[in-house]
Amino acid sequence: MIELKHITKWVNSGGNRIFLLRDINLTVNEGEFISIMGPSGSGKSTLLNVIGMLDEFNEGEYNFIGQPVHELKEKHRSQLYKSHIGFVFQAYHLIDELTVYENIETPLLYQNIKSSERQAIVADILDRFNIVGKKDLFPTQLSGGQQQLVGVARALVAKPKLILADEPTGNLNSKQGEEIMELFKKLNTEDGVTIIQATHSERNAAYGSKIINLLDGRIEK
Amino acid sequence: MIKNVLLIALRNFKKDKWYSLLNVLGLTIGITFSLFLIFYVTDELNYDRYHDKADRIYRIVSYIQERDKNTNWTATQLPLASTLKKDFPEVEESGRFLNRERTLFKNGEKSFYETKVYYADSTIFNIFSYKFVEGNPTHALNEPNSIVISKTLAEKYFGKNTPAVGKSLKTVYDLFKVTAVIEDVPSNSHLRFDMLISLSTILRGDQNNPNSWGGFNNFTYVLLKPGVNADAFNKKLLPMYDKYMKAIFEQYKVKVRYEAQPITSIHLHSDLEGEPEELGSMSYIWIFSAVAFFMMLIACINYMNLTTARSARRAKEIGIRKVTGSSKKQLVLQFLGESLVTAFVAVLISAFLVLLLLPYFNSISGKSFTLHTLMQPFNTLLLLSIGLFTGLVGGSYPAFYLSGFKPVSILKGALSSASGNVNLRRILVVLQFTISMIMLICTWVVYSQLSYLQKIDLGFNKEQVMTVTVNTGEDERHKIYAMNNEFRTMPGIKNVGTGSAYPGSGNTNLNLFTVQTNNGFVDKGIETYQVDENFMGSLGIKIVKGRNFSTLADTLHSIVVNEAMVKHFGWDEPLGKRVKFPGDTSGNYVEVVGVMKDFNQKSLYNPIAPLLLFYSPNNNIIQLKMNPGNVKSTIAQVETVWKKYFPQLPFEYKFLDEDFNSQYVADQKRGKIFAAFSILTIFITCLGLLGLTAFTTQQKQKEISIRRVLGASTMEMVILITKNYLWLALIASFIAFPVAYYFMHNWLKVFPYNDGLSLIPFIVSAFVIVVTATITATYHSAKAALTKPAVVLKTE
């Protein structure tokens, strides 16, 4: 599903070239649940952003479901991630001005799905996540765990093949974190959603089927 | 999608109620008052365009060339209209209007003076499109003593909803039959009337010879056939002088040339003498258009500034939307959508405000807009385009700039520190300051000039002088004599003088005289009228040489002239100089017996010209110089005496100071509009500034807090922030000063009497802007500086 070949990314800072990613080679098959581990600054987020096509890289090849991402134009790329990838963030990143329901609905708006259909999809997911009662609340009225739940629901609503989660439990307490990880596990095993998460925590990493260790932008063997 | 956009717009509105209101308020005020100006300007531009054939209607005007002077006149001779139609195939129709003096009309008990009365040919209805309520255009003005009256007049004399056709109105000597009623002549006409009398009424007898090419007394209008070129037509008119007028005028060395003037250009472009109505001015059209434009611009700038300043807060939302799959296009649409919604809210409120404020605007502008005149497709379209324009301009920057950001960098927080384009905002603020300053300076200069005109020494005393006019059309001299003697016995009255005109009255004559000079006799057109021996006393006009008129013996022998005349002819010894009537070979002459100190016969727009006064007792305009004190009871006494002598005439009086000052009404009116609008502009600018400082200080809250922790005082922080705005105001004054100087320097040139440009308006205006800006900026920065640093830093 994902094939990264010799991916390298750098930034220039005051005459020095700082490498964020160095020669990353990674293959992810459909249905995998991968945890990327590493200390702060090791390049976990950058790697996720590259995979999520939110960030560019300087060298290497990236194939996503058979499409050469490095050769695609911005428009096609956004089309590609819009329909296949869902994002979950450490800081949830919900739109404060929208209700839970509307937040979850947002990705569907950008995929030209009919209003009635949208309603059905959002209702379904609200039901699955057991947050029907909260659908008219605004993010600020929810706890962190609940907000992240909404974040995951939003990531899933457009039925992506891949979920990218950047420290999804970083802002949560351990119990809330566990719930989210259980949810990921379930999504992976029952629905076959491919998941790549970046995390600090060994315990969370253990939920995955494969662990990749990053250090200074390199995959540790 | 659209629902989502609206929803977000609405929720954002609610979230920042205060700023949203500020935003909408600024925009609303801007739009509302720009609309008023636009209405004003379009009304001025649309003068006389309501006639169906407006683009083919021309007024024929006369360019009269005398030996030492040219007169460009609106008036023509009586035979011109019919001759044009007969001689030129280009002329489809022609017609005449001839002004009638103020006349008293009666229907039974109801009697009123009518001033807007013209004699007219029935053919004018084939030229102009006046709407008939009753009667028939083709026959209305055929018979002598037929009148066509306006609807207002019909209601005034005959009551509402009663047919007026067939009824009659009386004057002292005549009976007029109403043959038709028309809708009131629209106020945007260069020629307005309440009543038309058939021209045949006065073309009987020998008073008005319809075949005489010697007298210029009527307006001639022609309807040219479609496709006729006016310039070519003008050329064809040139030989008319040789054919019809040479015989009369050549002996006086007078030449006459006609020109066809498009009626649609009269109001704003005509510079002829004898216009029937007050003209507009193209320069005011430009000024008002500029003000409207700038006002709208300032409101838009505010809007843009506030939106961009606020956009930093929207950054997160933009980032998330991009990550969740929104394309740039969709974001652009969203921001423009929000902006358009806000703009249209403002437009709707403005439309409502316009209707609410219409009466006030009418009263200061002297226009008579109604809901009906404003509800036109053009104006609706205008409103829509204003909404579209402000919405698009206001929303374009955030829409295009913000949506271009990469989601990753936004979500990492890069944008909130960049906070949009600070330099762009600075430029916009400087622009606003500049415009406000220019308007402030101009308003100031205009006002000080107008008040200077009020204070200037006119050479006569206009205070406490009341004028009454006896206007019966008959010789009333004996009655006036007796009445004046009674006036003189009143304790409230100091002096009673009479004249055929008075300063500011306008009804002087310009006559050709043959004047004695050091180089023999020369011909010259000189302003002249008749006064009695008390005229100068009642008006406080001083005699600087020789004597005032004294006795009947002065009639036809003596004249009094002004200093300007002495100067014009270079007289070393004015007394005894002779003046003759041209062409008079009898050897009769009049002699200068006195020289009066120069006084302003016309308004202060005109320099003082030579003036020549004849003696005549008991003239029909009476000046009553009153003693200060109980003016009211004096007026009542005067009225009682008036009624005794002229029971048939209503008692009407004027005060000379008001009458004279009425010459500046047009400028005062425009000055008032201008002042109102510059205050509004400054207000809108301040509104914007208030919002802007609120946001910039909010963004700097962290910096402020850290500095406070490091030991900066509140005062130091306030200075740090307001300093920026002071700089901007300073830059603005550097731009504003030369611009304002240029405009005002040119404006003042129109006035022969002006007190020049002083530095004060410039300095004070800059000061006002700086102070207002500082106060506005201080308010928020002080608030920010006073917030406890711990609170801010904890939430960061």
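Of note:
- Taking the charge dipole of the protein assembly as shown about its Cα centre, with +1 at Lys and Arg Cβ atoms and -1 at Asp and Glu Cβ atoms, the residue from A:Thr140, B:Pro738, B:Gln663 reaching farthest to the positive side is A:Thr140.
- About its Cα centre, segment B:75-228 has a charge dipole of approximately 340 debye under the convention of +1 per Lys or Arg Cβ and -1 per Asp or Glu Cβ, with nothing else charged.
- Residue exposure proxy: B:Leu306, B:Leu388, ordered by other Cβ atoms within 10 angstrom of their Cβ from fewest to most, comes out as B:Leu388, B:Leu306.
- Virtual paramagnetic centre 7 Å along Cα→Cβ of B:Gln648, amide N under 17 Å, in segment B:94-123: B:101-114
- Long-range HN-HN contacts of B:Val185 with modeled amide H, under 5 Å: B:Phe193
- Rg/Rh ratio calculated on Cα atoms of chain B (Kirkwood radius): 1.07
- Highest mean first, the peptides B:110-120, B:71-81 sorted by other C-beta atoms within 10 Å per residue fall in the order B:71-81, B:110-120.
- Its relative contact order, with pairs defined as Cα atoms under 8 Å and 6+ residues apart, puts segment B:75-228 at 36 percent.
- Counting every pair of alpha carbons in the protein assembly as shown, the share spaced more than 53 Å apart comes to 43 percent.
- Where a label projected 7 Å from the Cα of B:Tyr113 along Cα→Cβ would reach, residues of segment B:616-634 with amide N under 18 Å: B:619-625
- Overall form of segment B:1-112: prolate. Here a/c, set by the Cα gyration tensor axes a ≥ b ≥ c, is 1.5 or more, and a/b is the larger of a/b and b/c.
- Förster-model FRET efficiency, 41 Å R0, B:Ile427 and B:Gln376, C-beta, rounded to 0.05: 0.65
- Bridge type composition, chain A - antiparallel percent by DSSP, nearest 5: 50 percent
- Legend: ranking of residues B:Ile608, B:Ile760 from fewest to most surrounding C-beta atoms inside 10 Å; resulting order B:Ile760, B:Ile608.
- Counting other Cβ atoms within 10 Å as a rough exposure proxy, the listed residues B:Arg59, B:Arg192 run B:Arg192, B:Arg59 from fewest neighbours to most.
- Projected label distance in nm at B:Ile2 and A:Asn12, using a 7 Å step from Cα toward the beta-carbon: 4.8 nm
- Theoretical ellipticity at 222 nm over chain B - DSSP helices of four or more residues, -39500 (n - 2.57) apiece, nearest 500: -16000 deg cm²/dmol
- Qualifying aspartates and glutamates (Cα of each under 19 Å from Cα of B:Lys328; at least 8 residues distant if same chain): A:Asp55, A:Glu56, A:Glu74, A:Glu105, B:Glu317, B:Glu338
- In chain A the Cα-Cα distances spread across 5 Å bins starting at 0 as 1, 7, 15, 18, 19, 16, 12, 7, 3, 1, 0, 0 percent of all pairs.
- For segment B:473-647, the equivalent ellipsoid derived from the Cα gyration tensor has semi-axes of 32, 17, 14 Å, listed largest first.
- Rounded, prolate or oblate (a/c below 1.5 giving rounded, otherwise prolate when a/b exceeds b/c) for segment B:216-279 by Cα gyration tensor: oblate
- Over 26 Å apart at the Cα level, from the set B:Lys156/B:Lys632; B:Lys131/B:Lys236; B:Lys85/B:Lys255; A:Lys114/B:Lys15; B:Lys53/B:Lys167, are B:Lys156/B:Lys632; B:Lys131/B:Lys236; A:Lys114/B:Lys15; B:Lys53/B:Lys167.
- Within segment A:45-85, trypsin sites (Lys or Arg not before Pro) in DSSP loop having at most 13 other beta-carbon neighbours inside 10 Å: A:Lys73
- For segment B:75-228, Kirkwood radius (reciprocal of mean inverse C-alpha pair distance, Å): 16.1 Å
- Dipole orientation for chain B: of the candidates B:Val593, B:Phe344, B:Leu458, B:Phe344 has the Cα lying most toward the positive pole (charges on Cβ; Lys, Arg +1; Asp, Glu -1).
- Pair-distance distribution of segment A:15-118: all C-alpha pairs, bin width 5 Å, starting at 0; shares per bin in whole percent are 2, 9, 17, 19, 18, 16, 11, 5, 2, 0, 0, 0.
- The charge dipole of segment A:6-142, taken about its Cα centre with unit charges on the Cβ of Lys, Arg, Asp and Glu (plus for the first two, minus for the last two), comes to roughly 160 debye.
- Subset of B:Lys106/B:Lys225; B:Lys524/B:Lys545; B:Lys110/B:Lys654; A:Lys159/B:Lys3; B:Lys116/B:Lys246 violating a 31 Å alpha-carbon distance limit: B:Lys106/B:Lys225; B:Lys116/B:Lys246
- 3J(HN,Hα) along segment B:717-730, derived from phi through the Karplus expression 6.51 cos²θ - 1.76 cosθ + 1.60 where θ = phi - 60°, amounts to 5, 4, 4, 4, 7, 5, 3, 3, 6, 4, 4, 4, 4, 5 Hz, with x in place of Gly and Pro.
- Calculated FRET value between A:Ile211 and B:Leu759, using beta carbons and R₀ = 56 Å, to 0.05: 0.10
Any read-out appearing in this document is the output of simple, stated calculations on the displayed coordinates, not a laboratory observation. Keep in mind the model is a prediction, meaning the values are calculated, not measured. So basically every Cβ, Gly included, is an ideal-geometry build from the backbone, and we count neighbours across all protein chains shown.
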